[in-house]
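Scroll down for the structure; my scribbles are underneath it.
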Amino acid sequence: LPIDKIESPEKWTKLPDDFCEASGLDHLCASRDASMFNITSVHIAPKWIEAMDNTQLCRWRMETGISQSTIVRKTAIKHITTLGMTHFAETGNWLHFKNGAGLILSCRRYFEEYPKLSPFIKFEGDTLTLPKGLMDETDRASIFSSEHTDNNLVVVHLEKGRTKIEGLGISGEYDSGWRKVDYQGPNITFSIAPQLLMDLVKRHNDCIINQERLKVDGGNYVYVATLHQPDSGNGK
């Protein structure tokens, strides 16, 4: 990397308190499909941070302080959480982050058009409460799903009155077994990053669900997953 070609920031601005936390969740929703560049990145707009992969999306509402909407590769911005970044700066082609120790992480910024996610967020449905016990089950399932480092996902099954979590890995698989839940809709399934599911259940376990989508709205953030009906509802 030609370090001398990276523009040097002149003015640093304090990051919003929840910026690192938001980017840490959002990057989990960005696509892994390299053929669709803009959605393999995290979109930072003046009023929110968001990401999607055509099956799920996450938007965290905040005044970001950024002057112009930009997208940053998820593989770059995911590091700002672990590095404890506290300030940011903008230059023509880069977005820079700095922590208290003076460490600077510079991420290349792009200005391609990002999909408009608001139409997918606004929908009506029934209220569903996800049991807190799903956190422990998801943690166990992730032991196996994490063996797929580039596609670490667990599968959530919903049937009338019950739900379960599955994690499939290289060395084996985990099935939580069915748990009771107040749900009377059709049989559906969806895939989600285990860390994201645990965070959502911990923060706000009530969600809105219809035959097409599931939404968790925690006020400052919203998560939406596209649902599908399984090939067979045999209650395996």
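Among the chymotrypsin sites (Phe, Trp or Tyr not before Pro) found in segment 116-157, those both in a DSSP coil and sparsely packed, with 14 or fewer other Cβ atoms within 10 Å of their Cβ, are 123. The charge dipole of the chain, taken about its Cα centre with unit charges on the Cβ of Lys, Arg, Asp and Glu (plus for the first two, minus for the last two), comes to roughly 240 debye. For segment 132-180, the dipole from Cβ point charges (+1 on Lys and Arg, -1 on Asp and Glu) about the Cα centre works out to 420 debye, to the nearest 20. For residue 218, the residues whose modelled amide H falls within less than 5 Å of its own, excluding neighbours fewer than 5 places apart on the same chain, are 223. Go through 52, 89, 142 and say which Cα lies farthest out towards the positive end of the charge dipole of segment 51-191; charges sit on Cβ, +1 for Lys and Arg, -1 for Asp and Glu. Farthest towards the positive pole: 89. Here the chain has 50 percent of its accessible surface on carbon and sulfur atoms, given a 1.4 Å probe and all protein chains in place. Ignoring the sites themselves, the chain has its longest run without GluC sites (Glu not before Pro) in a DSSP loop having at most 15 other Cβ atoms within 10 Å at 148-211.
Counting every C-alpha pair in the chain, the share spaced more than 24 angstrom apart comes to 48%. Each residue of segment 172-189 was assigned a 3J(HN,Hα) from its phi angle through the Karplus expression (A = 6.51, B = -1.76, C = 1.60, θ = phi - 60°), giving x, 9, 10, 10, 5, x, 7, 10, 6, 8, 7, 9, 10, x, x, 5, 9, 9 Hz with x at Gly and Pro. Can you give the percent of C-alpha pairs in segment 8-122 whose distance is more than 24 Å? The proportion of pairs with Cα distances above 24 Å equals 18 percent.
Only the Cβ atoms of Lys and Arg (+1) and of Asp and Glu (-1) were treated as charged; on that basis the dipole of segment 1-88 about its Cα centre amounts to roughly 80 debye. By the Cβ-Cβ criterion of under 4.7 Å, the unpaired cysteines of the chain are 20, 107, 207.
Cross-link partners for residue 202 among the aspartates and glutamates, with Cα-Cα distance under 17 Å and sequence neighbours closer than 8 places in the same chain left out: 18, 21, 26, 136, 137, 139, 217.
Once the 1.4 Å probe is applied to the protein heavy atoms, the chain comes out at 51 Å² accessible per residue.
Of the residues 183, 16, 157, the one whose Cα sits farthest toward the positive end of the charge dipole of the chain, with +1 on the Cβ of Lys and Arg and -1 on the Cβ of Asp and Glu, is 16.
Taking the alpha-carbon distance from residue 11 and a cut-off under 30 Å, which lysines remain once sequence neighbours fewer than 8 residues away in the same chain are dropped? Hits, sequence-local ones excluded: 47, 74, 78, 98. Listed values for segment 104-113 are Karplus-derived 3J(HN,Hα) couplings in whole Hz (6.51 cos²θ - 1.76 cosθ + 1.60, θ = phi - 60°), namely 10, 10, 10, 10, 5, 10, 10, 10, 5, 5, and x replaces Gly and Pro.
The values are calculated or read from the model by the stated rules, or taken from the named source; none is laboratory data. Note that the structure is a prediction, hence the values are computed from the model and not measured. Cβ sites come from the backbone with ideal geometry, for glycine too, and all protein chains shown count toward neighbours. The area values use the complete protein model at the heavy-atom level, side chains included, leaving out ligands, DNA and RNA. Shrake-Rupley method; radii C 1.70, N 1.55, O 1.52, S 1.80 Å.
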